[in-house]
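Each reported figure results from applying straightforward, stated rules to the coordinates on display, with no laboratory input. None of these values were measured; they are calculated from a predicted model. Neighbour counts run over all protein chains shown; Cβ positions are idealised from the backbone, glycine included.
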Amino acid sequence: MKNFESFLAPQLDEYLDYRQSLGYRIDISRHHLQIFDQYLRKTNAQWDSFQPFFFLDMRANLVNESRSINRIISSVRVFFQFLLRREHVTENPLQDIPALKENNIVPYVFSPAQIDQLLAAASQSIEKSKRYFLARFGKYVALVLLARCGMRISEPLGLMKQHYRRDDGTLYIEKTKFKKQRIIPVPKSAMTEIENYLSVRSSLLPNDQNPYLLANKDHKPFIDQQIRFFFHNALKAIGLDQARKVIGNLNVRQPTPHALRHSFAVNTLIQIKERGGSPQHALPVLAAYMGHSEYKHTSVYLRVADAISRDRLVDFALWKRRKE
């Protein structure tokens, strides 16, 4: 199946290949550029169509909310910078198109009790049959690592067997976002689940050759969509599968697997505060543990933790708007 079908298909494919060769993930860019490609075909656009008003019309025809539209326009703008370097165009027609005003984002944060309920529901969904038991068990352990270690969804899926170090209870995470590598200690609860999973896997698959810590079929890892599907089934089981909410200019996000990462950070800071410690002083350690490239990404969680502890997430949204 072709990614693109407009007259710009060769250049769009070349651009994605270029981005991928630099080590970037291209799935989001591909999706945004496919939307652009569809609009090109719909309007029978050619090279001489690329004036600023063309992209303003395109933006007006998008039915997404402002935040998504801004991301699409940004992806197309970067693509045209590529065309400019390749001398296909003489200027970037999107360079002066301003961003639309966006709603303030309020993250979904699971409480510790909700996380326990979610993991319990996921555990109970594991089928007691040889055919599906191991696969379900692997997906469950992936959710445990998201919830108990604050990992990104791609990180547990990319772990190899040798990345789990039983003797010192750590996981080595490589080839992660921003090309950062790190070694993290594994909480006892998560380590117990890993050990149980590996023991069952060894029993069911005595000749197992899959190099991944969490094994899918055909010597491959799980893909993120499998984990998302498993996550949402558990979410439905505990009655938390809710849609995103827009309240005034606030965009309250729906629960997602990535919300477990946010929740890990926020709940860690809240627990430190409840024990009489300093969440501010803990930020550098938390940033390193979560693999953040910049300290500012972790400091946002401090504001979320403070807002949640005072039941005032609206305060967080207002603070974020002032920062912008």
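Compared with the alpha-carbon gap, the fully stretched path from Gln46 to Ser189 is longer by 45.6 nm at 0.36 nm per residue.
With a ≥ b ≥ c taken as the square roots of the eigenvalues of the C-alpha gyration tensor of segment 85-129, please select rounded if a/c is under 1.5 and otherwise prolate if a/b is larger than b/c or oblate if it is not? Intermediate values should be presented prior to the final figure.
Details: a/c = 7.31, a/b = 2.41, b/c = 3.03.
Oblate, because a/c is 1.5 or more while a/b does not exceed b/c.
Can you figure out the FRET efficiency of Asp13 with Thr176, using R₀ = 35 Å and their beta-carbon distance, to the nearest 0.05? It would help to have the intermediate numbers written out before the result.
Working: r = 27 Å, r/R0 = 0.77.
Approximately 0.80, to the nearest 0.05.
Along its principal axes, the chain has C-alpha extents of 63, 52, 35 angstrom, given from the largest down. Can you tell me how segment 184-282 classifies by the Cα gyration tensor, rounded, prolate or oblate, using a/c under 1.5 as the rounded cut? The shape class here is oblate.
Between Leu100 and Ser125, the modelled label-to-label distance comes to 3.3 nm, taking each label 7 Å out from Cα in the direction of the beta carbon. Among the listed pairs Lys220/Lys296; Lys188/Lys245; Lys42/Lys220; Lys101/Lys296; Lys245/Lys273; Lys139/Lys175, those with a Cα-Cα distance over 32 Å are Lys220/Lys296; Lys188/Lys245; Lys42/Lys220.
At 0.36 nm per residue, and after removing the present C-alpha to C-alpha distance, how many nm does the segment from Asn61 to Gln254 gain when stretched out fully? Present the calculation step by step, with values, prior to reporting the outcome.
Numbers: separation 193, 0.36 × 193 = 69.48 nm, distance 2.55 nm.
My answer for the length gained is 66.9 nm.
Here's the picture: charge each Lys and Arg Cβ at +1 and each Asp and Glu Cβ at -1 in the chain, and of Tyr289, Asn70, Asn196 the one pushed furthest to the positive end of that dipole is Asn196. Extension gain, Thr90 to Ile223, is 43.8 nm, computed as 0.36 nm per intervening residue step minus the present C-alpha separation.
Building the convex hull from the alpha-carbon atoms of segment 20-133 and averaging its projection over directions returns 12.4 nm². Working note: Karplus 6.51/-1.76/1.60 with θ = phi - 60° gives segment 54-66 the couplings 4, 7, 5, 5, 4, 4, 5, 8, 6, 9, 6, 7, 4 Hz, where Gly and Pro are set to x.
Show me 197-203, 114-120 ranked by packing, highest mean number of other Cβ atoms within 10 Å first. Don't skip to the answer; put the middle values down first.
Values: 197-203: 14.1, 114-120: 17.4.
Peptide ranking by packing, descending: 114-120, 197-203.
Based on C-alpha pairs under 8 angstrom that are at least 6 apart in sequence, the chain has a relative contact order of 18 percent. Peptides 296-305, 26-35, ordered by how many other C-beta atoms sit within 10 Å of their residues on average, highest first, read 296-305, 26-35. Mind running the shape call on segment 105-209? Use the C-alpha gyration tensor, a ≥ b ≥ c as the square roots of the eigenvalues: rounded below 1.5 for a/c, prolate if a/b tops b/c, oblate otherwise. Here segment 105-209 falls in the oblate category.
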